[in-house]
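Notes for the one structure printed next.
The values are calculated or read from the model by the stated rules, or taken from the named source; none is laboratory data. The shown structure was predicted, so the numbers you read here are calculated from the model rather than taken from an experiment. Reconstructed Cβ throughout: ideal geometry from the backbone, glycine too, with neighbour counts over all protein chains shown.
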Amino acid sequence: MSQKSDLIRVENLCVSFPGHNKTVEAVRGLSFSVGRERVGIVGESGSGKSLTGRSILRLIRPPGIMTADKIEFNGIDLMSLTEKQMRDIRGHKISMVMQDPKYSLNPVQRVGEQIAEAYRVHNKTTKKQAKQRALDMLESVQIRDPERVYNTYPHEVSGGMGQRIMIAMMLAPEPDLLIADEPTSALDVTVQLQVLGVMDKLVKEKGMGLIFISHDLNLVASFCDRVIIMYAGRIVETLNASDLHSAKHPYTRGLLNSLPRIDERKDKLIALKRDPAWLVEESVDAFA
């Protein structure tokens, strides 16, 4: 299923980290594209999901080495931009919600001021207008009494509220693409649904693209339009989310079989058996 207008197109992305004895290839030859849709990237810890998201924003720092034949966003070749030009892209055109708000929010600055700052960096506006924008964004992510929350510090809010604050901050500049790196992994089920509902509503209303990074297959299947399955830095399968439980690749099947299901009784869950051949398979072209 080809997207008529790709927001982001990645070709042959590689990320490696040189060590004393050998170079670790963390991402190996990834190619994929994302339009104005919700695309999930799924895999075990260490499969290269988060590095893929960071690579799009060119956030891989030394000693890490990132190369790509192309990372094209809305017709702009991100690989050819200077660091100063990339700062105009980050947050403004492409935003990324990190996994844990505890490490992403400034602990000594009020949360509302951080949202307002994220907006003012990319928009010529007054402090008063930026504050109103921050209050509006807090309200849009279903935070009650945004005026009170505006004046709180990160340690004074819960995990779920902190995650919603991060989403509000990243969406304040109205980016075209949002990368969400396991935004619900540390939250309980009820708060998970609230955060996903907020993201879904905002993405649909603004016509954005979303890359949703997760290890939760069932969550991605219920929330995303398409799913990219990663193993050991490679893409092994790409399919519509509605077809996830009909996946063909043995790695995807193994992940699915290792999950408990409420509608199917099993005496024992099947442990995932990895095939060494998966490590040397040609990278799958995931343009869709």
Margin query: Looking only at residues that are among the aliphatic types (A, V, I, L, M) and more than 22 Å from residue 8 (Cβ to Cβ) in region 150-180, which one is surrounded by the most Cβ atoms within 10 Å (Cβ to Cβ)?
Written below: 168
Note to self: Tell me the residue from 108, 39 that is on the phi < 0 side of the Ramachandran plot and exposed (fewer than 14 other Cβ atoms within 10 Å of the Cβ), please.
What the structure shows: 108
Note to self: Restricting to region 157-176, give me the number of residues that are more than 15 Å from the chain's Cα centre (by Cα) and either at pLDDT 95 or above or assigned to a loop (DSSP other than H, G, I, E, B) (or both).
What the structure shows: 5
Notebook entry, point to check: Failed condition for residue 112, given (1) over 16 Å from the mean Cα position of the chain (by Cα); (2) over 14 Å from residue 169 (Cβ atoms); (3) at pLDDT 95 or above, with all others met?
Noted result: (2)
Next item on the list: Would you mind listing the strands (runs of 3 or more DSSP E) fully within region 34-96 where at least 1 residues are over 19 Å from the mean Cα position of the chain (by Cα) and under 28 Å from residue 240 (Cβ atoms)?
Entry: 70-73
Item checked: Test: residue 183 is surrounded by fewer than 23 Cβ atoms within 10 Å (Cβ to Cβ), on the phi < 0 side of the Ramachandran plot and outside any helix (DSSP H, G or I) -> no
Notebook entry, point to check: part of a loop (DSSP other than H, G, I, E, B) and surrounded by 14 or more Cβ atoms within 10 Å (Cβ to Cβ) - does that describe any residue in region 12-32?
Noted result: no
Check: Restricting attention to region 55-96, which residues are in contact (Cβ under 8 Å) with a residue 60 or more places away in the chain and either touching a strand residue (DSSP E or B) at 6+ places or on another chain (Cβ under 9 Å) or aliphatic (A, V, I, L, M) (or both)?
Finding: 56, 57, 70, 71, 72, 73, 74, 93, 94, 95, 96
Next item on the list: Kindly indicate the residue of region 203-218 that is more than 14 Å from the chain's Cα centre (by Cα) and surrounded by fewer than 20 Cβ atoms within 10 Å (Cβ to Cβ) and also nearest to residue 173 (Cα to Cα) among those meeting that condition.
Entry: 206
Notebook entry, point to check: Taking the condition over 27 Å from residue 56 (Cβ atoms) and charged (D, E, K, R), does residue 117 pass?
Noted result: no
Next item on the list: Could you list all residues from region 177-194 that are farther than 23 Å from residue 110 by Cβ, at pLDDT below 85 and in contact with a strand residue (DSSP E or B) (Cβ under 9 Å, 6 or more places away or on another chain)?
Entry: 184, 185
Checklist line | Candidate set: region 220-279, residues that are hydroxyl-bearing (Ser, Thr, Tyr) and over 20 Å from residue 182 (Cβ atoms); chosen: the one surrounded by the fewest Cβ atoms within 10 Å (Cβ to Cβ) | finding: 246
